[in-house]
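I have placed the structure first, in the form of structure tokens, so that the comments after it can refer back to it.
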Amino acid sequence: MNRFHKKLQQLKGQNRLRTLNAAQGIDLTSNDYLGMRGSTELRSAAIEAIEQGIDLGAAGSRLLRGHTHHHESLESYAADHFGAEKSLYFATGFQANLAIFQALPSRHDTIIFDELVHASSREGIHNSPAHSIKVAHNDLNAFEDALNRAHENRRESAIIWIAVESVYSMDGDIAPLEDLQNLAQKFDAYLIIDEAHATGVWGENGAGFAASLPQNNVITLHTCGKAVGVAGGLVCASAEIIDTLINTARGFIYSTAPPPLQAYLTQKSLEILAGEDGNHRRAALQKNITHMNAKSQILPIIIGEDAHALNVAQKLQNQGYDVRAIRPPTVPEGTSRLRISLSSNLTIDVLDQFQTALTKAMENKIAA
Ligand SMILES: Cc1ncc(COP(=O)(O)O)c(C=O)c1O
């Protein structure tokens, strides 16, 4: 038996085999929280831009000919919108997180990170030369302890970085950002906030939770493939931090720039979301969040065992609901779950019907 076959068989035996399944049924899974990706507004903007001759590909690194006024315009709009001095656009949020953690912390620095930060941050932290400390989820005392430890051993000019999410991707709970910012200020640390699930959805005009914090020590990541409905990741920070990324982030330097069309549409979507249309979409989503008694648009239904989670998801899929089981290593062992994603497109009737179907599917988890 070859190595790959054996590995795949092992995953299958553990109910951990991942397969690709095309979208079908009522969307309770995607991150299109505000219905932007199929919106007539964005479609019209795309058609108009294509008719006017926008380039579909960038055909080069941003540092060479891949840089266009569409990228420049998006970055300047985003910096203004998210309250930062400067911003930088990456092809994906994953790439942006890698860049932040690979390029900014150095050998004698310490990165203190919440145990539930996304795989892209974990990957960046893993690849960073800095020492790292994992702390219990949203636990301010644990953050303070870790800061004290890092501070005691701190060399001159070493930097402490704190890495959190504003809305946690698999739990939907919200970080105590003001308290974290106070701690960061007290210890003269940088606060890196992944706003992936807040961008467009939360904060004034959809600018996220971090925009209202003092920005001098804050770095934010805004992903553009979720509520924004397009693709990419915008890092927002001081001009010095952004210029450092431009000069040292290998994934930025040695990679083809995101297509100008993508940059253009991302800006259009952010503009739409910042206006009246965005307010209506956020209000519709909020109504659904309140109806479902959820903390945010992400509603985790923790089931526990992988097989049970798969079974409940399958029953719901059979009834036309696109719900997926999320298993380790994406979530901690023993917490396999359904990650229900609410959106402004869902009606209260559909949510009520889904809740009835969910209760029934959960009643006898293992029976087919
Ligand atoms: C919290 C968080 N950060 C970063 C990312 C990566 O963003 P992207 O999908 O744009 O690569 C994701 C996507 O799943 C995420 O949930």
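Side notes on the structure shown:
- Within the chain, antiparallel bridges make up roughly 50 percent of the DSSP beta bridges whose residues both belong there.
- For the chain, the mean residue ellipticity at 222 nm estimated from helices alone is -13000 deg cm²/dmol, where every DSSP H run of n ≥ 4 contributes -39500 (n - 2.57) and the total is divided by all residues, rounded to the nearest 500.
- Near S132, the amide H atoms lying under 5 Å from its own belong to I111; only residues 5 or more places off or on other chains count, and H is placed 1.01 Å from N.
- From least to most packed, judged by other beta carbons within 10 angstrom and beginning with the fewest, V117, V312, V350 follow the order V350, V117, V312.
- Start at zero, step by 10 Å, and the Cα-Cα distances of region 77-178 spread as 15, 41, 38, 7, 0 percent across the bins.
- Across region 321-333, rounded Karplus estimates of 3J(HN,Hα) from the backbone phi angles (6.51 cos²θ - 1.76 cosθ + 1.60, θ = phi - 60°) give 9, 7, 10, 10, 8, 9, 10, x, x, 5, 10, x, 3 Hz, Gly and Pro being marked x.
- The amide H of Y33, built 1.01 Å from its N in the peptide plane, has A227 as neighbours under 5 Å, considering only residues 5 or more places off or on other chains.
- Label zone at L64, where the point sits 7 Å out along the Cα-to-Cβ direction: region 83-118 residues whose backbone N lies under 19 Å: 90-91
- Taking a ≥ b ≥ c as the square roots of the eigenvalues of the Cα gyration tensor, an a/c ratio of 1.5 or more together with a/b no larger than b/c marks region 2-144 as oblate.
- Cα-based shape type of region 162-273, given that a ≥ b ≥ c are square roots of the gyration tensor eigenvalues and the cut on a/c is 1.5: oblate
- Residues whose amide H comes within less than 5 Å of that of D171, counting only those at least five positions distant or on another chain, are absent (H built at 1.01 Å from N in the peptide plane).
- Peptides 83-91, 224-232, 138-146 ordered by average Cβ neighbours within 10 Å, highest first: 224-232, 83-91, 138-146
- Across region 121-191, the volume of the C-alpha convex hull divided among the residues equals 88 Å³ per residue.
- Whole-Å distance, taken between Cα centres, linking region 175-211 and region 61-89: 21 Å
- Rg/Rg_globular for region 273-350, with Rg_globular taken as 2.2 N^0.38 Å and Rg from C-alpha atoms: 1.27
- More than 33 Å apart - percent of Cα-Cα pairs taken over the chain: 34 percent
- For region 255-290 and region 315-368, distance of Cα centres in Å: 26 Å
- Taking θ as phi - 60° and the Karplus parameters 6.51, -1.76 and 1.60, the scalar couplings of region 337-347 work out to 7, 9, 9, 8, 10, 8, 9, 5, 6, 7, 9 Hz in sequence order, x denoting glycine and proline.
Rule-based calculations on the coordinates, nothing more; no lab input. Since the model is a prediction, treat every value here as computed from it, not as a measurement. Counting neighbours? That spans all protein chains shown, and the Cβs are built from the backbone with ideal geometry, glycine included.
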